[in-house]
1. What number comes out for the charge environment of Ile54, summing +1 per Lys or Arg and -1 per Asp or Glu over other residues with Cβ under 13 Å away?
2. Plugging the Kirkwood radius over Cα pairs into Stokes-Einstein for segment 124-211, at a temperature of 37 °C and a viscosity of 0.692 mPa s, what D comes out in µm²/s?
3. Would you list which lysines come within 26 Å of Lys100, measuring only between C-alpha atoms, while excluding same-chain residues fewer than 8 positions from it?
4. Along each principal axis of its Cα atoms, how long is segment 1-159 end to end? Whole angstroms, biggest number first, please.
5. Of the peptides 28-40, 138-150, how do they stack up when ordered by the mean number of other Cβ atoms within 10 Å, highest first?
6. Search the structure for amide H atoms under 5 Å from the amide H of Leu26, placed 1.01 Å from N in the peptide plane, and list their residues when 5 or more places away or on another chain.
7. Kindly state, to the nearest 0.05, the FRET efficiency for Arg171 paired with Glu225, given R0 = 41 Å and r defined as their beta-carbon distance.
8. Among Cys59, Cys169, Cys197, which one shows the highest mean-square fluctuation when the chain is modelled as a Gaussian network with alpha-carbon springs under 10 Å?
Amino acid sequence: MIEGNNFILDTFGSMFKSGRLAHSFLIYGEKGLGKKEIAMYLAQALLCEKNTGIPCGKCRSCSNAASKAHPDLIFPEKSGKLETYSVETCRFVRTDSYVKPNDGERKVYVFSDCSDIQTAAQNAMLKIIEEPPDYAYFIFTAESKEVFLPTVLSRVISLPASLCTENECARILEARGFDREQIKEAYSSFGRNAGMCIEYIQNENLRNTVALTRKAAESIIKRDEYDFLVTAADPLLKDRTTALMFLRMLDNIIRDSVVCKINPEMSFAGCSKKAARELSERLSVSSAVRIHKFIASAADDISSNVNLSLIFSALCGEIMGY
């Protein structure tokens, strides 16, 4: 989803044409905004034989990059239980980056989904990011730039991925062959996030997780502790990745409840405008902030491999005490 991200493309294009092209970029933003597609666009532009700052999509380099078969387009591997970039991987990249390109003027490393990148791994990359060879470029993607050390952020160009416009989103979904009813339902859940709308239509588990999130929000509105616990005990939420998605979507509804207080006409981020509006009438801003902190703490516990039943039981007690 390159559409809706003209700021990133224009910034990159201007740097390219001016001859002041940075060597390290961070593309960040919530899931579904097309960060990986943007990273591939930038990589293709860097490797394109036309050398205009815009991938032609036709030359041999663009074709090889698109199929991830270009010898100078490297995707470092993740490893370990957390499936993240290790110190060893980053040290390898640091060494490998001094090896000249095989098939062109540039060499590009793409680090996707860096949400769990280790501190030590980041430190291992600092020197090469600060003083790279003239031909080496690094592209990182993450949901939040806050996962990176300040020392890393000071050495990269951070560019936020953006939501599509409503028309752009509809056009992307229609091009995929989805019908109006599917598009309407997906849009009601994920708004102008075209990537998540596509996943919602294609992924039954995501649709079920959205339904669970809405039920959890309703139980908070009713202050029904039992109903919340029943919802959280659903077998779907035994998967940690799904549980994190559930918490993220629930947090977005809490966020929207605060937005409603400030300006009801602002864009919603969550999957239930109805629940957000009802919560805005019941929650004070300070209560919403506390619930946000409870949810964030629960998400951290999930990432730390704490027992899911204990996490949701504790979260229920904390939320219902608002």
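The values are calculated or read from the model by the stated rules, or taken from the named source; none is laboratory data. Only a predicted model underlies this, so the values are computations on that prediction, with no experimental measurement involved. Here the Cβ is made from the backbone with ideal geometry for all residues, glycine too, and neighbour counts use every protein chain on show. We work out accessible area using only protein heavy atoms, side chains counted, and drop any ligands, DNA or RNA first. Shrake-Rupley method; radii C 1.70, N 1.55, O 1.52, S 1.80 Å.
1. On the way: positive: Lys17, Lys50, Lys58; negative: Asp10, Glu49.
Computed value for this residue: +1.
2. Numbers: Rh = 15.8 Å.
Calculated translational D: 208 µm²/s.
3. Lys17, Lys36, Lys50, Lys58, Lys68, Lys78, Lys127
4. 39, 35, 28
5. Details: 28-40: 21.2, 138-150: 18.2.
So the peptides 28-40, 138-150, ranked by packing, come out 28-40, 138-150.
6. Phe140, Ile157, Ser158, Leu159
7. Numbers: r = 44 Å, r/R0 = 1.07.
FRET efficiency, Arg171 to Glu225: 0.40.
8. Cys59
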